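Okay, so here's the structure we're looking at.
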Amino acid sequence: MAKVGFYYDMQNCYGCKTCQVACKSEQKTAPAVSWRRVRDFDTDHPASHATLSMGCNHCENPECLKNCPTGAYTKLENGIVYQDHSQCIGCRMCTMACPYGVPQYDPEEGKVSKCSYCRERIEQGLQPACVESCPGGNIVAGDLEELKAKYQGVQELPGMPAAGITNPSILINPAKAFKK
């Protein structure tokens, strides 16, 4: 079975946050919770700034799953790291374990939640809301192996956790300021 993945193009992302708003709207998350966040990076190059849209990386070896004491996380056959929200007790072990800071704690509800790769939309043959909404087409979702074949030359970003920790299912085309 195909494994899901994301490709992010930092070179063309201008930080509009449409993907972040679309995710929030689709998933109806609490005010304090953002499953997708557009992160800003300052670079060493003069007057250079870059943005990166990040949600859950649906890792091959998810630390959230390994560290959840209730078993609320499941790795689905298609690679989605899914959380059964009803199983969450709000201990935040997953938030502490995830090197990417993905699971989000809602202080009003007292529970944690995270991106589901828009599982319900995928099951209907649709794209995740973040992908569908990106005006620049800078987020691509699909089969991880196909994405790897299509988008070669991606690299790890300075300041991001080493990919070997969790083997995230993401590919990033870094902004020019990050290119080696």
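Sites listed here are trypsin sites (Lys or Arg not before Pro) in the range 1-104 whose DSSP assignment is loop and whose Cβ has at most 12 other Cβ atoms within 10 Å: Lys28. Placing unit charges on each Cβ (+1 for Lys and Arg, -1 for Asp and Glu) gives the chain a dipole about its Cα centre, and among Ser86, Gly125, Phe6 the Cα reaching farthest toward its positive end belongs to Phe6.
Around the Cα centre of the chain, unit charges on the Cβ atoms of Lys, Arg, Asp and Glu (plus for the first two, minus for the last two) sum to a dipole of about 200 debye. Modelled spin-label separation between Ala30 and Lys150, with each label point placed 7 Å from Cα along the Cα-to-Cβ direction: 3.6 nm. No disulfide-compatible partner, judged by a Cβ distance under 4.7 Å, exists for the following cysteines of the chain: Cys13, Cys16, Cys23, Cys59, Cys68, Cys88, Cys91, Cys98, Cys118, Cys134. With the charge dipole of the chain set up from +1 on Lys and Arg Cβ and -1 on Asp and Glu Cβ about the Cα centre, the Cα lying farthest toward the positive end among the listed residues Gly101, Phe41, Cys64 is that of Phe41. With 25 Å as the limit, the listed pairs Lys3/Lys150; Lys66/Lys150; Lys66/Lys114; Lys114/Lys150; Lys111/Lys148; Lys28/Lys66 have Lys66/Lys150; Lys114/Lys150; Lys111/Lys148; Lys28/Lys66 beyond it between alpha carbons. The peptide list 58-65, 136-143, put in order of mean Cβ contacts within 10 Å with the highest first, becomes 58-65, 136-143.
No value in this document is a laboratory result; all are computed from the given coordinates. Bear in mind that the values here come from a model prediction, so they are computed numbers and not experimental data. We place every Cβ from the backbone using ideal geometry, glycine too, and count neighbours over all the protein chains shown.
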